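Each value in this text was obtained by applying a stated rule to the coordinates, not by laboratory testing. On a predicted model such as this, the values are computed, not experimentally measured, just so you know. No Cβ is skipped: glycine too gets one built from the backbone with ideal geometry, and neighbour counts run over all protein chains shown.
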Amino acid sequence: MRSLTRLAAALALSSAALASLPTLADEARYNQIALRAEVNQDVAHDLMHVTLYSEVQNSDPAKLAAETTQTLNIAVEQACQVKNVSVKLGSRNSYPIYDEKGQQITGWRERAELRLESADFATLSKLTSELLKDLKMGSMDFAISNPSRKKSEDELLKEAVAAFKARAQLATEALGGKSYKLVNLSLNSAGFQPIRPMRMDAMAGSMSMAKAAPVPEIEAGTSEVTVNADGVIEVQMP
């Protein structure tokens, strides 16, 4: 009786294994294709960054530091009185100046930066021209603010999905399939093209000599925002 019971159990297990084979076959995936769709949009820069700096030298490092600090304090106080402008100090470095033989220290040079940011281009341009009486221009560049970036990415996300669907349908037809199933899909933002700051060193000398530099005309430009849709589809054949 025990042998018959064991045989019956073995037959039952074998039947169950055979019955599961069609299920495993159904779960196997074939005709899978990896696709990518990319959409982009030019977004206007709505943030302006300006870097100004003080650079002087003195044989006495203590007097040099005091002079630099005083120049920065005056500039910061003036900038902080202007609404809608973000003000912060940048890098500050001092280094020795050597004689022609490079052996004896003859003096010290110090450079300190003041960084300004604003969405109000006209206001920041005016402030910059006023500060150039005592400071020099380091750079001026433009960027896209976080709210503008997010808005653009949200719009592009819908376009990226639509573009992926169109490409998936095209690939299905090229293979002679009747339809397709979406296996997976990921959406990613490629960010912006690198910002190229406008170097103003060549203009710094003439600007600093004037009582107040003329306010420049601003052309902020744009950056390209890109969203990629990467996914895998499974083509259903007739």
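Odds and ends about this structure:
- Rounded FRET efficiency, nearest 0.05, which uses the C-beta distance separating Glu155 from Ser86 and R0 of 41 Å: 0.90
- Estimated vicinal HN-Hα couplings, Hz - segment 220-228 in sequence order (Karplus 6.51, -1.76, 1.60; Gly, Pro = x): 6, x, 9, 10, 8, 9, 10, 10, 10
- Shown here for segment 64-94: trypsin sites (Lys or Arg not before Pro) in loop regions (DSSP other than H, G, I, E, B) with at most 12 other Cβ atoms within 10 Å, namely Lys83.
- Tyr98 paired with Lys126, simple spin-label distance in nm, labels 7 Å along Cα-to-beta-carbon: 4.9
- Using 0.36 nm per residue and subtracting the Cα-Cα separation, the extra length available between Arg109 and Gln32 on full extension is 21.2 nm.
- Cα gyration tensor, segment 47-143 - rounded (a/c under 1.5), prolate or oblate: prolate
- Label positions at Glu77 and Ser189, each projected 7 Å from the Cα along the C-beta direction, are separated by 4.1 nm.
- For the peptides 74-82, 55-63, 126-134, the ranking by mean Cβ contacts within 10 Å, running from highest to lowest, is 126-134, 74-82, 55-63.
- Summed side-chain charge close to Ser91 - residues other than Ser91 whose Cβ falls under 13 Å, Lys, Arg +1, Asp, Glu -1: +1
- Segment Leu170-Gln70, length gained on full extension (0.36 nm per residue, minus Cα span): 29.3 nm
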